[in-house]
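Working notes, structure below.
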Amino acid sequence: MSDQATDDQCSGARNQEARDQAIRAALDQHWAASDANDFVTEHLIYHEDAVLDYPQSGERTRGRSNIQSQRSSQPNEKRFTIRRIIGGGDHWVTEFILTYDGNPSYTVSIMEFTGDKVARETQYFADPFPAPAFRAQWVERMDT
């Protein structure tokens, strides 16, 4: 491999690492703003024509302004507890607990980036359920 090719490869890796760090910082800002009900900052992460899907309810919201409007009209008190964020490049996943009026919903957000903004997000929601007794000998309890 030529020196130029090696330099280009290293430069590309550095650029990707810098992009991943910038996206991670934007995600941290997004989720903190979500928890604070800062609807302006929360939606800076989206492209103007972003799409948000909620497969469980069969809803699709098109456009950043519509996403922001439907979220800001939510009448319930919301809290966000981030469990983990993983990803790189164009695909990032956040696992979190979204609590509405004290009721937790275990949530997964899959965000697809184009450039430095979200082009598409899909969110899945799951209610907690009691652990069945038959599994007790093989499992340990997790803090939620």
Inset, instruction - Tell me, yes or no, whether region 23-35 has at least one residue that is touching a helix residue (DSSP H, G or I) at 6+ places or on another chain (Cβ under 6 Å) and of a type in the set (Gly, Ala, Ser). - result: yes
Inset, instruction - For region 63-70, indicate whether the set of residues that are out of contact with any Gly (no Cβ under 7 Å at 6 or more places or on another chain), within 18 Å of TYR124 (Cβ to Cβ) and of a type outside the set (Asp, Glu) is non-empty. - result: yes
Inset, instruction - Tell me which residues, restricted to region 104-114, are touching a residue at least 24 places away in the same chain (Cβ under 8 Å) and either within 12 Å of the chain's Cα centre (by Cα) or not in a strand (DSSP E or B) (or both). - result: MET111, PHE113
Inset, instruction - Can you confirm whether region 47-55 contains a residue that is touching a Phe, Trp or Tyr at 6+ places or on another chain (Cβ under 9 Å), touching a residue at least 60 places away in the same chain (Cβ under 8 Å) and loosely packed, with under 14 Cβ neighbours inside 10 Å? - result: yes
Legend entry - Selection from region 56-86 of residues that are surrounded by 14 or more Cβ atoms within 10 Å (Cβ to Cβ), assigned to a strand (DSSP E or B) and out of contact with any helix residue (DSSP H, G or I) (no Cβ under 9 Å at 6 or more places or on another chain): none
Inset, instruction - Please list, ordered by first then second residue, the pairs with beta carbon atoms under 9 Å, 6 or more apart or interchain, first in region 85-103 and within 22 Å of PRO128 (Cβ to Cβ) and of a type in the set (Ser, Thr, Tyr), second modelled with pLDDT of 95 or more and loosely packed, with under 12 Cβ neighbours inside 10 Å. - result: THR94/ARG84; THR94/ILE86
Inset, instruction - Considering only residues that are within 15 Å of the chain's Cα centre (by Cα) and part of a loop (DSSP other than H, G, I, E, B), look in region 10-46 and name the one that is surrounded by the fewest Cβ atoms within 10 Å (Cβ to Cβ). - result: LEU44
Inset, instruction - Please find, among ILE97, ILE85, the residue that is under 14 Å from MET111 (Cβ atoms) and aliphatic (A, V, I, L, M). - result: ILE85
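The values are calculated or read from the model by the stated rules, or taken from the named source; none is laboratory data. Values in this document were obtained by computation on a predicted structure and should not be read as measured data. Neighbour counts are summed over all protein chains in view; Cβ atoms, including those assigned to glycine, are modelled from backbone coordinates with ideal geometry.
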